[in-house]
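Structure, as structure tokens:
FYI, it's all coordinate maths here, none of it is from the lab. Values in this document were obtained by computation on a predicted structure and should not be read as measured data. Note that we place each Cβ from the backbone using ideal geometry, even for glycine, and neighbour counts take in every protein chain shown.
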Amino acid sequence: MTKPVVSLREITAETVRAICELEPHQAQSGFVAPNAVSIAQAHFNPAAVFRAIYADEMPVGFIMWRPDDDGASCFLWRFMIDGRHQGEGYGREAITLWLESLPPQGYKLARLSYVPGGAGPHGFYLARGFLDTGETRANGEKLMELAL
Ligand SMILES: CC(C)(COP(=O)(O)OP(=O)(O)OC[C@H]1O[C@@H](n2cnc3c(N)ncnc32)[C@H](O)[C@@H]1OP(=O)(O)O)[C@@H](O)C(=O)NCCC(=O)NCCS
């Protein structure tokens, strides 16, 4: 069987409900906000960009980012693959697509923060080339970055 093609697609009135129903495994719920909350927050942050992650024609996840104030770096604000679709390589493909889209827009650095914890995404991001900055945000999240 051929590997599904992963794409980042705009969310529409027709697809928004399906995207809001995507959720990580219950044990991962502390690592990322529900997609409906992220989409609502994006409406109050005009610089935020969000996309659904598709594997072929099937919605499997959600990604949202925003430019930092310096204009040179971009912050990965939300990223998730539905629990039923994890472990298929979709997360890796999706973040690769996102990272590849940044230099043509002038970004030199990708940044993110994560909730530390056993089943958390730290190892996933390390394997994608992100490095710990050593900084911790007031909410306890740790910062990572990747020079593009
Ligand atoms: C992190 C997440 C997006 C990964 O998505 P995924 O589609 O399951 O990941 P993939 O199948 O593409 O995995 C790619 C590789 O990363 C590894 N990997 C996946 N999750 C990992 C984790 N939490 N820690 C370490 N490695 C991980 C896989 O084993 C795979 O390794 P390989 O390249 O050796 O085969 C997904 O687990 C998720 O949605 N987690 C809950 C929400 C979350 O934590 N989001 C991040 C908010 S900052």
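Could you work out how much longer the chain between Arg92 and Ala40 gets when fully extended? Use 0.36 nm per residue separation minus the Cα distance between them, nm to one decimal.
Full-extension gain reported as 16.2 nm.
Counting alpha carbon pairs within less than 8 Å and at least 6 residues apart, what relative contact order, in whole percent, applies to the chain?
21 percent
Between Ala48, Ala36, Ala13, find the one with the highest GNM mean-square fluctuation for the chain; connect C-alpha pairs within less than 10 Å.
Comparing Ala48, Ala36, Ala13 in a Gaussian network model of the chain, the most mobile one is Ala13.
Just name one of Pro59, Ile95, Pro116: the one whose Cα is farthest towards the positive end of the charge dipole of the chain (beta-carbon charges, Lys/Arg +1, Asp/Glu -1).
Pro116
May I ask you to derive the FRET efficiency for Ala47 and Glu100 from their Cβ-Cβ distance with R0 = 30 Å, giving the value to the nearest 0.05?
Calculated transfer efficiency: 0.90.
Roughly how big is the chain's charge dipole about its Cα centre, with Cβ charges of +1 (Lys, Arg) and -1 (Asp, Glu), in debye to the nearest 20?
The calculation lands at about 100 debye.
So what is the 222 nm mean residue ellipticity for the chain from helices alone, if each DSSP H run of at least 4 adds -39500 (n - 2.57) and you divide by all residues, rounding to the nearest 500 deg cm²/dmol?
Computed ellipticity for the chain at 222 nm equals -5500 deg cm²/dmol.
With label points built 7 Å along Cα→Cβ from the Cα atoms of Ala13 and Asp56, find their separation and express it in nm.
Result for the modelled spin labels: 2.9 nm.
Explain nothing, just the number: dipole magnitude of the stretch 88-148 about its Cα centre with +1 on each Lys and Arg Cβ and -1 on each Asp and Glu Cβ, in debye rounded to the nearest 20.
100 debye
How would you rank 110-117, 134-141, highest first, on the average number of other Cβ atoms within 10 Å across their residues?
110-117, 134-141
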